[in-house]
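Working notes, structure below.
The values are calculated or read from the model by the stated rules, or taken from the named source; none is laboratory data. All values reported here derive from a predicted model rather than from experimental measurement. Cβ coordinates were reconstructed from backbone atoms using ideal geometry, including for glycine residues, and neighbour counts include every protein chain displayed.
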Amino acid sequence: MLNATWLETFTTLCETGHFTRTAMRLNMTQPGVSQHLRKLEDQIGQSLMTRQGKSFNLTPAGEAVFAMGQSRRAQEDALRSAITADDPDSGTVRIACSGSFAMLLYPALLPWMKNAPDIAINLHAAPQAQVLAGLVDGLFDLGVLDADPGHPRLHASHLGEEELCLVLPADAPDAPPAFADLQARGMIGHPDGSAYADDLLHLNFPGEYTGADRLRMRGFVNQIGQIPAPVAQGIGYTLLPRSGIEAFGRKDLLKIVQLAQRRRHPLWLVARRGGSMPARLTYARDIIAAAAAPLGQDRMPKR
């Protein structure tokens, strides 16, 4: 490895073509410049220049070392720029959240991706436990969870709340249905349906609801975007977070019917602790917060 200080002195000397001007630029003495030149020549084992009075000519070895000095300086400048620059429209952003929230969030991310060719956004729809594990392991930059994980390596900020909704066809009565009415319709199940039923239906029908395995099922869909589709066609009912309903293209064919006991789940934006958040993650955080903001509101009127 060539001595970086000696190489920089030699590179500057080649650029100025003058020992005195080199000394002034580097805040050195002229003998100091000559000393760096000699030490660099000793390290390389070859003469780097031939002197002619106050001027000099580079030897072939000197030409090669000068080119190396310029290249190293350019690399250092590029490194310095990369370290100091914090472009919100450049780099990769890795986000993880539930499937229903991912459907709501992804369209909000697309304008950013379209207008910023150097940004790459990886959105992962995953169960809560997988989102948490990925955040801890550094696989994700940002995650949306339904609880503050309380982990020492993570920082959580409260986004708001999301209601767990009973979803019926648009022509369903406005009044809250009896449990027998729901059983008559039948449920459109999905991977989280049993857990949602244990949560919302057990809360509202404690004497009649005896478990998700006792529910009458009209169908099962494991594609989050298709869960409301049969309900929109008048088939059965389903249970979904509000984000899964807001992301559905034909919300006008659905009705959220409020039960006596409402169930709201908190939303937490989670990131790893340590240092300041890069500008691209700050911008992504703002988009996530904007997408989550309406979820606590009753946007779909009871018909």
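Filter region 44-62 for residues that are assigned to a helix (DSSP H, G or I) and either under 14 Å from residue 7 (Cβ atoms) or in contact with a helix residue (DSSP H, G or I) (Cβ under 7 Å, 6 or more places away or on another chain) (or both) and give the result. Show your work before the answer.
So in region 44-62, the residues assigned to a helix (DSSP H, G or I) come out as 44, 60-62.
44, 61, 62 - these are the residues of region 44-62 that are assigned to a helix (DSSP H, G or I) and either under 14 Å from residue 7 (Cβ atoms) or in contact with a helix residue (DSSP H, G or I) (Cβ under 7 Å, 6 or more places away or on another chain) (or both).
Here is a yes/no grid of residues against (1) under 14 Å from the mean Cα position of the chain (by Cα); (2) part of a helix (DSSP H, G or I); (3) among the hydroxyl-bearing types (Ser, Thr, Tyr); (4) surrounded by 12 or more Cβ atoms within 10 Å (Cβ to Cβ):
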{"residue": "106", "(1), (2), (3), (4)": "yes, yes, yes, yes"}
{"residue": "110", "(1), (2), (3), (4)": "yes, yes, no, no"}
{"residue": "113", "(1), (2), (3), (4)": "yes, yes, no, yes"}
{"residue": "122", "(1), (2), (3), (4)": "yes, no, no, yes"}
{"residue": "130", "(1), (2), (3), (4)": "no, yes, no, yes"}
{"residue": "134", "(1), (2), (3), (4)": "yes, yes, no, yes"}
{"residue": "144", "(1), (2), (3), (4)": "yes, no, no, yes"}
Leading residue by the ranking (nearest to the chain's Cα centre (by Cα)) among those in region 172-205 that are buried (at least 19 other Cβ atoms within 10 Å of the Cβ), over 13 Å from residue 219 (Cα atoms) and among the small types (Gly, Ala, Ser): 197
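Going by what's in this entry, would residue 256 be described as in a strand (DSSP E or B) and either touching a residue at least 12 places away in the same chain (Cβ under 8 Å) or more than 17 Å from residue 167 (Cβ to Cβ) (or both)? Spell out how you get there, then give the answer.
Working: in a strand (DSSP E or B): yes; either touching a residue at least 12 places away in the same chain (Cβ under 8 Å) or more than 17 Å from residue 167 (Cβ to Cβ) (or both): yes.
So residue 256 fits the description; yes.
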Complete set of residues in region 23-43 that are buried (at least 17 other Cβ atoms within 10 Å of the Cβ) and in a helix (DSSP H, G or I): 23, 33, 36, 37, 40, 41
Given (1) closer than 24 Å to residue 278 by Cα; (2) part of a loop (DSSP other than H, G, I, E, B); (3) at pLDDT 90 or above, index of the condition residue 86 fails: (3)
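Only one residue in 28, 113, 103, 24 is in contact with an Asp or Glu (Cβ under 9 Å, 6 or more places away or on another chain) and not hydroxyl-bearing (Ser, Thr, Tyr), so which one is that? Walk me through it before giving the result.
Details: 28 fails: in contact with an Asp or Glu (Cβ under 9 Å, 6 or more places away or on another chain); 113 fails: in contact with an Asp or Glu (Cβ under 9 Å, 6 or more places away or on another chain); 24 fails: in contact with an Asp or Glu (Cβ under 9 Å, 6 or more places away or on another chain).
Being in contact with an Asp or Glu (Cβ under 9 Å, 6 or more places away or on another chain) and not hydroxyl-bearing (Ser, Thr, Tyr) holds for just one of 28, 113, 103, 24, which is 103.
Does residue 230 satisfy being surrounded by 18 or more Cβ atoms within 10 Å (Cβ to Cβ), without any contact (Cβ under 8 Å) to a residue 60 or more places away in the chain and assigned to a helix (DSSP H, G or I)?
Working: surrounded by 18 or more Cβ atoms within 10 Å (Cβ to Cβ): yes; without any contact (Cβ under 8 Å) to a residue 60 or more places away in the chain: yes; assigned to a helix (DSSP H, G or I): yes.
For residue 230, the condition - surrounded by 18 or more Cβ atoms within 10 Å (Cβ to Cβ), without any contact (Cβ under 8 Å) to a residue 60 or more places away in the chain and assigned to a helix (DSSP H, G or I) - is met.
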